[in-house]
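For reference, the structure is listed below as structure tokens.
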Amino acid sequence: MNSNVYFETKVGFAVDQLIPVFPAALILYLLFRFPEFTKHVAGLLKTSTGNVLCGFSLVTCAVVLNSVFSYFKVASLRAVLDETRYEVVTGCIENYSSETSPTNYRTEKFSIKNVEFEFSNFTPSRYFTGDDHTNNFITHGRCMEISYIRDDGENKILRIVQQTGS
């Protein structure tokens, strides 16, 4: 790894996103297969067995859908990285600005050679966020190489390498 790398997206195995499906499916199986278990759970929750079965079925569906969508997002990003289907821009930061909201979320914007970037610490992401940038590394005039992709109409940062001599 290059010692000048400031940030690099880490993407694990996409299959890891499917792990939550197994405990949810197991609980649902137990509830349908063993009525005594379902009655016990219903007693603890002070509701009917029908409500328990319906509620856990909905929760399981939500877990499965979330896991499947997460799987495809990670698999897609992994393919982009493995096949180097991203852009790279090298230059010095221009038009840097930082704004802090009343709720203490910081949004930062800058451009390099007319390629605009924006990030904040508001939402967790697989890409570079404000939580990855806590030491004021990104400042006006700093020179770097940025690897990025277009996602949801924005340039998302995958990797930042500081240029020597900056």
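Below are the figures for this structure:
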item: MRE, 222 nm, helices only [DSSP H, n ≥ 4, -39500 (n - 2.57), over the chain, to nearest 500]; result: -12000 deg cm²/dmol
item: Gyration tensor (alpha-carbon) shape descriptor, region 58-122, a/c threshold 1.5; result: oblate
item: Kyte-Doolittle mean at least -1.0 and Cα axial length at least 27 Å: DSSP H helices in the chain; result: 49-82
item: Cross-link partners of Lys113 among lysines (Cα-Cα below 20 Å; sequence separation of 8 or more within a chain); result: Lys156
item: Gyration tensor verdict on region 114-166 (Cα atoms; rounded if a/c is under 1.5, prolate if a/b is larger than b/c, oblate otherwise); result: oblate
item: Solution diffusion estimate, µm²/s, Stokes-Einstein, the chain, Kirkwood Rh from C-alpha pairs, 4 °C, viscosity 1.567 mPa s; result: 68 µm²/s
item: Positive-pole candidate from Thr49, Ala25, Val59, dipole of region 1-153, charges at beta carbon; result: Thr49
item: For region 1-76: rounded, prolate or oblate by the Cα gyration tensor [a/c cutoff 1.5]; result: prolate
item: Rounded accessible area per residue of the chain, 1.4 Å, Å²; result: 64 Å²
item: Accessible-area composition of the chain, carbon plus sulfur, in percent [1.4 Å probe]; result: 56 percent
item: Charged-residue dipole, Cβ positions (Lys, Arg, Asp, Glu), region 58-158 about Cα centre, Debye nearest 20; result: 160 debye
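The values are calculated or read from the model by the stated rules, or taken from the named source; none is laboratory data. Only a predicted model underlies this, so the values are computations on that prediction, with no experimental measurement involved. Note: ideal-geometry Cβ built from the backbone for every residue, glycine included; neighbour counts use all protein chains shown. Calculation scope for accessible area: heavy atoms of the full protein, side chains included, ligands and nucleic acids excluded. Shrake-Rupley method; radii C 1.70, N 1.55, O 1.52, S 1.80 Å.
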